[in-house]
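Chemist: Structure provided below as structure tokens; questions to follow.
The values are calculated or read from the model by the stated rules, or taken from the named source; none is laboratory data. This is a predicted model, so every value here is computed, not measured. Here the Cβ positions follow ideal geometry from the backbone for every residue, glycine too, while neighbour counts run over all protein chains shown.
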Amino acid sequence: MIKDAGFDSICTWWGDTFFSMDGKKELHAELAAKHDLVLEHAHLPYHGYDALWTNSLNGTSLAATCCKSIAAAANCGIRNLVMHPYENKRAVQNGDWQAFFYYMDSFADTADRYGIRLAIENLDECRIVKRILKKYKESAPIGLCFDTGHGNINEPGDFSLLMENRDRMYALHLHDNNGKTDQHLLPFEGSVNWGLFMQQLNKTAFSGSLMLEACYPFDFEKADKSTDIHYSEPPIAAEEYLDMAISACRRLK
């Protein structure tokens, strides 16, 4: 259905949370190719990532797991991985930067060894991701995944991250919101300044897809707070939503 709607590429989740829907993550690149789609990037799970900001056994164990995930993704044909630098900002406000960079060094080394790139995503602020990208400005495997929805909540209309990393734009997550809540709406359904965004994006060296990270309206905040969230079926057909999605992309282009 994605191919039939007119899309050329997809992104996937590099975890087993949605196995019942998505099947084995290791087969996603092969499945995409079968339908003449490019699997442009996969998203690493981020639950528990606050441990990366501690000099602890939990942090060391998680870092080792992340390195294995990076290697496994590369071996399955993934060339770009999106990574959250933390799970909960409150937990890392006084986090151990030395410990985090120690773990990040191992991620960068692993990515370099396996020929894969890590795109660090801006979340509910930009200070942390800016410091990370500055630290690794000479490290080719480390770049930026710019998320328009997160940026619209933190610093609406500010696309300086694009300009500061114009040669290291490895991935996009495009979605819209009301400027207050992370709603993951389709472009033009919220308050993101899409004209200005595209103007700034076109000044970068990014050559990838206008990748949507949007969905039918869904309460993400409720989902993040619950371990027993029920995913109800949207009241419109998948084909109808995909038509809306491709139309939004074409309008952007």
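Yes or no, residue by residue, for (1) under 16 Å from Asp147 (Cα atoms); (2) touching a residue at least 24 places away in the same chain (Cβ under 8 Å); (3) surrounded by 12 or more Cβ atoms within 10 Å (Cβ to Cβ):
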position	(1), (2), (3)
Leu174	yes, yes, yes
Asn177	yes, yes, yes
Gly195	yes, no, no
Tyr216	no, yes, yes
Ala238	no, yes, yes
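Chemist: Output the helices (runs of 4 or more DSSP H) that fall wholly within segment 1-74 and possess 3 or more residues being surrounded by 12 or more Cβ atoms within 10 Å (Cβ to Cβ), or say none. Walk me through how you get there before you give the answer.
Modeler: On the way: elements: 2-5, 19-22, 28-34.
Per the criteria, 2-5, 28-34.
Chemist: Between a residue in segment 59-78 that is touching a residue at least 12 places away in the same chain (Cβ under 8 Å) and within 16 Å of His41 (Cα to Cα) and any residue that is among the small types (Gly, Ala, Ser) and in a loop (DSSP other than H, G, I, E, B), which pairs come within a Cβ distance under 9 Å, given they are 6 or more apart or on different chains?
Modeler: Final answer for the pair search is Ser69/Gly15; Ala74/Gly115.
Chemist: Go through segment 103-121 and give me each residue that's farther than 14 Å from Ala71 by Cβ, part of a helix (DSSP H, G or I) and in contact (Cβ under 8 Å) with a residue 12 or more places away in the chain.
Modeler: Within segment 103-121, Tyr103, Met104 qualify.
Chemist: Residues in segment 149-159: is at least one crowded, with 20+ Cβ neighbours inside 10 Å, touching a Pro at 6+ places or on another chain (Cβ under 8 Å) and within 13 Å of Phe197 (Cβ to Cβ)?
Modeler: no
Chemist: Answer yes or no as to whether Lys180 is within 18 Å of Leu123 (Cβ to Cβ) and of a type in the set (Lys, Arg).
Modeler: Values: within 18 Å of Leu123 (Cβ to Cβ): yes; of a type in the set (Lys, Arg): yes.
Yes; evaluated as a whole, the condition is true for this residue.
Chemist: While we're looking at this one, here's another question. Among the residues of segment 122-148, which ones are assigned to a helix (DSSP H, G or I) and within 19 Å of Thr204 (Cα to Cα)? Can you show your working first?
Modeler: Let us first name the residues in segment 122-148 that are assigned to a helix (DSSP H, G or I), namely 127-135, 148.
Hits for segment 122-148 are Val129, Lys130, Leu133, Lys134, Thr148.
Chemist: Could I ask something else about it? Pairs only if they're at least six apart or on different chains, beta carbon under 6 angstrom, first in segment 4-28 and more than 21 Å from Glu239 (Cα to Cα), second assigned to a helix (DSSP H, G or I); list them, first residue then second.
Modeler: Trp14/Lys25; Trp14/Ala73
Chemist: Could you check segment 76-100 and list, in sequence order, the residues that are in a helix (DSSP H, G or I), in contact with a helix residue (DSSP H, G or I) (Cβ under 7 Å, 6 or more places away or on another chain) and surrounded by 15 or more Cβ atoms within 10 Å (Cβ to Cβ)? Write out each step before concluding.
Modeler: As a first pass, look at segment 76-100 and keep what is in a helix (DSSP H, G or I): 89-92, 97-100.
Keeping just the survivors that are in contact with a helix residue (DSSP H, G or I) (Cβ under 7 Å, 6 or more places away or on another chain) gives 91-92, 99-100.
Within segment 76-100, Val92, Ala99, Phe100 meet the criteria.
Chemist: Please name all residue pairs, on different chains or six or more residues apart, with Cβ atoms under 6 Å, provided the first residue is in segment 37-56 and is among the β-branched types (Val, Ile, Thr) and the second residue is part of a strand (DSSP E or B).
Modeler: Pairs found: Val38/Ser9.
Chemist: Taking into account only those residues within segment 77-95 that are hydrophobic (A, V, I, L, M, F, W, C) and modelled with pLDDT of 95 or more, which is farthest from Phe146 (Cα to Cα)?
Modeler: Ile78
Chemist: Next question, about the same structure. Please determine, by comparing only the residues of segment 62-105 that are within 20 Å of Arg168 (Cβ to Cβ) and of a type in the set (D, E, K, R), which one is farthest from the chain's Cα centre (by Cα).
Modeler: Taking the candidates together, the pick is Asp105.
Chemist: Taking Ala245 as the residue in question, decide whether it is in a helix (DSSP H, G or I), within 24 Å of Phe18 (Cα to Cα), modelled with pLDDT of 95 or more and aliphatic (A, V, I, L, M). Give the derivation first.
Modeler: Working: in a helix (DSSP H, G or I): yes; within 24 Å of Phe18 (Cα to Cα): yes; modelled with pLDDT of 95 or more: yes; aliphatic (A, V, I, L, M): yes.
The answer is yes for Ala245.
Chemist: Against the conditions (1) without any contact (Cβ under 8 Å) to a residue 24 or more places away in the chain; (2) assigned to a helix (DSSP H, G or I); (3) not acidic (Asp, Glu), where does Met163 fall short? Just the number, please.
Modeler: Every condition holds for Met163 apart from (1).
Chemist: With more than 21 Å from the chain's Cα centre (by Cα), modelled with pLDDT under 95 and part of a loop (DSSP other than H, G, I, E, B) as the only criterion, which of Pro234, Pro217 stands out?
Modeler: Values: Pro217 fails: more than 21 Å from the chain's Cα centre (by Cα).
Result of the check over Pro234, Pro217: Pro234.
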